[in-house]
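The structure appears below as structure tokens.
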Amino acid sequence: MTAEEVAQFFKTHPQFFDQHPQLLESIFVPHPYGGRAIPLFERQILALRDKVRLLEGKLAELLQFGEENDAIGEKVHRLAVALLGARDFAAAALALSFHLREDFSVPHVALRVWDKSLPQDAAAGAAVSDELRARVDTMGAPQCGAAAGNPFLAWFGDAKEHVRSIALVPLGQTKSVGLLALGSEDAKRFYAEMGTLYLRRIGELVAAALAARL
């Protein structure tokens, strides 16, 4: 019989070892981590232990992700409460900048809003070219990546020399009314493949809070 035929036999006759239990103790197979031979049942135990260790590792990873998500969710909640409590546009913009810096450790924040009546001295009301507005309209979702060569890098003013990675969060649902730009001095903080779920939620909160105060 070939090895394939033996394997097929055991698949189609699962009761074989019930009828011949003594074989489980007399069949020896190579140890997975050494050269010596061990009984078949001991090899099965080792395989189960390996599976348990693998499952424990995955569980620990899931628990870690869950804790991290809970922490981020709590920060987003605090930001939402602060935005809701802001009495006007200036207070909302200040709360946004504060929480992004203190809670999310984002050192550089640039906010631009257009087609709205902003307070005369609001930095968010600085002119934005039609070209950049068009770019925001085509984003559809937050975008992250390296700062070098990014057309929005200039928004960070003198700090642009220190910004190494950027997250761009469009504001608005069907039509963009602004953009929230986050800059980090860590080149790996914002990268193209990262998840943007919470960035999207922050964008929605900011857009709603600012719209209610303009």
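Data for the structure
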item: Residues of type lysines that K51 reaches as a straight line, Cα spacing below 25 Å, ignoring anything fewer than 8 places off in the same chain; result: K11
item: Identified option (computed percent of Cα pairs over 32 Å apart; candidates [x] 15; [y] 42; [z] 12); result: [y]
item: Relative contact order [Cα under 8 Å, 6+ residues apart], the range 92-171, whole percent; result: 25
item: Additional length obtainable on full extension of the chain from V52 to Q15, 0.36 nm per residue less Cα span; result: 10.7 nm
item: Percent RCO, i.e. relative contact order, over the chain, from Cα pairs under 8 Å lying at least 6 residues apart; result: 16
item: Loop-located trypsin sites (Lys or Arg not before Pro) in the range 91-180 whose Cβ has at most 12 other Cβ within 10 Å (DSSP); result: K175
item: Contour excess over end-to-end distance, with Cα ends at I45 and E61 and 0.36 nm allotted per residue; result: 3.3 nm
item: Cα gyration tensor, the range 152-214 - rounded (a/c under 1.5), prolate or oblate; result: oblate
item: Angle between the chain longest axis and helix 89-102 axis [Cα atoms, degrees, rounded to 10]; result: 40
item: Cα-projected label distance for L94 with L214, points at 7 Å along beta-carbon direction, nm; result: 2.0
item: Longest DSSP-loop-exposure-free segment, GluC sites (Glu not before Pro), the chain, at most 14 other Cβ within 10 Å; result: 1-184
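The numbers here are math on the coordinates, done by the rules we state, and not lab data. Being a predicted model, the structure only gives us computed values, none of them experimental. FYI the Cβ positions are ideal-geometry reconstructions off the backbone, even for glycines, and counts take in every protein chain you see.
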